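I have placed the structure first, in the form of structure tokens, so that the comments after it can refer back to it.
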Amino acid sequence: MSYSGSGNTGGPSDASGAWRNDGGVPPHAFDPDLQPELFRGVLTRRAVAFLIDLVVLSVPVILGYIFIFVFGIVTLGIGWMLFWLAWPATIVWAIVYYGASIGGPHSATMGMRAMDLELRTWYGAPGYFVLGACHAVLYWISVSFLTPLVLLVGLFNGRRRLLHDMILGTVVINSSVRTEVAPSPRSSY
């Protein structure tokens with residue numbers, strides 16, 4: 001148990017006399033009741049950002065397929081054996097894209113940045129590469145196995161978190177509002 005009282009009484013209760021058993025875990029950094037503007041329109045913006053990211057991911061993949069096709073013609077069909085590498089390369093490209101984007105200085109993919117969104121941990125820290133990669137993988141797994149209806153989870157919670165956000169402990173917020181409301185958590189490190 002942890003003591004959170006303002007006085008130095010040495011007891012495990014807060015100023016109101018209530019006992020706490022939270023293990024010293026800090027509260028969520030972004031509260032939808034205190035800062036509702038951080039979550040306004042987030043689900044719609046996320047959907048549009050996803051479509052933008054799909055285009056960003058698709059362009060290099062399409063160019064790669066075209067290259068392999070032309071290379072196969074030039075090499076009289078031998079180059080077409082590279083087609084078996086295209087699908088695994090597409091998956092690696094998507095994971096690296098999400099990991100590098102969310103792990104970058106903006107904590108957002110190109111689509112998220114276009115829609116003024118950013119991904120943060122539940123305690124307010126910016127994203128990092130592994131978190132971004134896991135975020136993408138868990139999203140695709142949840143949508144693949146649970147159908148796109150799993151996205152309705154975001155309508156029933158104040159932070160507009162989806163299932164994979166809850167599992168990873170992340171939250172997507174309006175980045176333009178966050179910079180106006182509070183200083184960046186990076187400046188406190």
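Each reported figure results from applying straightforward, stated rules to the coordinates on display, with no laboratory input. Everything quoted here is computed from the prediction, not taken from an experiment. Neighbour counts are summed over all protein chains in view; Cβ atoms, including those assigned to glycine, are modelled from backbone coordinates with ideal geometry.
Figure the gain on full extension for Ala86 and Asp31 (residue separation times 0.36 nm, minus the Cα-Cα span) and round it to one decimal in nm.
Net length gain for the segment: 15.5 nm.
Any idea what the relative contact order of the stretch 15-149 is, in percent, if you count C-alpha pairs under 8 Å spaced at least 6 apart?
26
Grab the Cα-Cα distance for Leu152 and Ile73, subtract it from 0.36 nm times how many residues apart they are, and report the gain in nm with one decimal.
Additional length available on full extension: 23.8 nm.
Nearest 0.05, what FRET efficiency do Met166 and Val61 give at R0 = 30 Å with Cβ-Cβ as r?
Efficiency at R0 = 30 Å is approximately 0.50.
Where in the stretch 59-91 is the amide nitrogen less than 18 Å from a point lying 7 Å along the Cα-to-Cβ axis of Ala114?
Residues 59-63 fall inside that zone.
Count charges around Gly158 for me, please; just the other residues with Cβ under 10 Å from its Cβ, Lys/Arg as +1, Asp/Glu as -1.
+1
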